[in-house]
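Enquirer: Below is the structure I would like to discuss, written out as structure tokens.
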Amino acid sequence: MTRALYPGSFDPITNGHIDIIKRAKKVFDQLVVAVVKNPSKSTFFTLQERSDLTERVLRTDGIPDVEIITYDGLLVDCAEKQGVETIVRGLRVNSDFDYEFQMALTNRDLNEDIESVFFMTSGEYSFLSSSIVKEVKRYGGDISSFVPSLVDKALEDKFKRLT
Ligand code: ADP
């Protein structure tokens, strides 16, 4: 049984993340989506909100054998605790590569038994990020092709609460 860990901020989950999850599921029997508690950037949604939204989206989409967890601390420690030897990440443009390259080498240095594997973005999502989605929604733009409707609704509600 092959098992991999897909970590991220998921602030919020987008169609780009969902695409990576679906494709990773074709390669691995089980996938653990790990929502990081304290990413280096500050988040719009709380940890609970990010994790709940991810859970609801995957349940609504009917994607089986995906577990959702939250974690704090070193990613390699989380992977070890989960009994996982593979970390899945997505690659979009050049700027992703520099960061992912550094992270992968650092993680291998910390634990040489854990490999990072990268899924190239699909063309239609190559420009898509959680930040872009939030930015467009903040100014009233249409994000229906970027995120599932329940994420759109969650963003709408949260922006309303904040104003
Ligand atoms: P992080 O803050 O850890 O980068 P994100 O939630 O922004 O968390 O992203 C998690 C992973 O998903 C990263 O590897 C990122 O490159 C990847 N990712 C995000 N959006 C896309 C997309 N549109 N296409 C492919 N990969 C993506």
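Read-outs: derived from the displayed coordinates by stated rules, not from any lab. Predicted model, so just to flag it, every value in this text is computed and none were measured. No Cβ is skipped: glycine too gets one built from the backbone with ideal geometry, and neighbour counts run over all protein chains shown.
Enquirer: Among (1) part of a loop (DSSP other than H, G, I, E, B); (2) within 13 Å of the ligand (Cβ to nearest atom); (3) small (Gly, Ala, Ser), where does residue 73 come up short?
Expert: With (1) part of a loop (DSSP other than H, G, I, E, B); (2) within 13 Å of the ligand (Cβ to nearest atom); (3) small (Gly, Ala, Ser) applied to residue 73, the lone miss is (2).
Enquirer: Considering each residue of the stretch 130-163, count those that are surrounded by fewer than 17 Cβ atoms within 10 Å (Cβ to Cβ) and either at positive phi or assigned to a loop (DSSP other than H, G, I, E, B) (or both), and give that number.
Expert: Total meeting the criteria: 7.
Enquirer: Now, a different point. Does residue 84 fit the bill of being assigned to a helix (DSSP H, G or I) and within 22 Å of residue 38 (Cβ to Cβ)? Lay out the reasoning, then the answer.
Expert: On the way: assigned to a helix (DSSP H, G or I): no; within 22 Å of residue 38 (Cβ to Cβ): yes.
In short, no.
Enquirer: To continue, here is another question. Output the residue which, of all residues in the stretch 1-37 that are farther than 18 Å from residue 129 by Cα and assigned to a loop (DSSP other than H, G, I, E, B), is farthest from the ligand (Cβ to nearest atom). Full working, then the answer.
Expert: At the first step, the residues of the stretch 1-37 found to be farther than 18 Å from residue 129 by Cα are 1-5, 24-32, 37.
Of the ones still in play, those that are also assigned to a loop (DSSP other than H, G, I, E, B) are 1-2, 28-29, 37.
Numbers: 1: 23, 2: 19, 28: 15, 29: 20, 37: 12 Å.
The residue in question is 1.
Enquirer: Another question, if that's okay. So residue 106 clears everything in (1) within 13 Å of the ligand (Cβ to nearest atom); (2) without any contact (Cβ under 8 Å) to a residue 40 or more places away in the chain except one condition, right? Which one?
Expert: Status for residue 106: all satisfied but (1).
Enquirer: For the stretch 80-93, enumerate the residues that are under 19 Å from residue 25 (Cα atoms), away from the ligand (no atom under 14 Å from the Cβ) and not β-branched (Val, Ile, Thr).
Expert: Within the stretch 80-93, 82, 83, 85 qualify.
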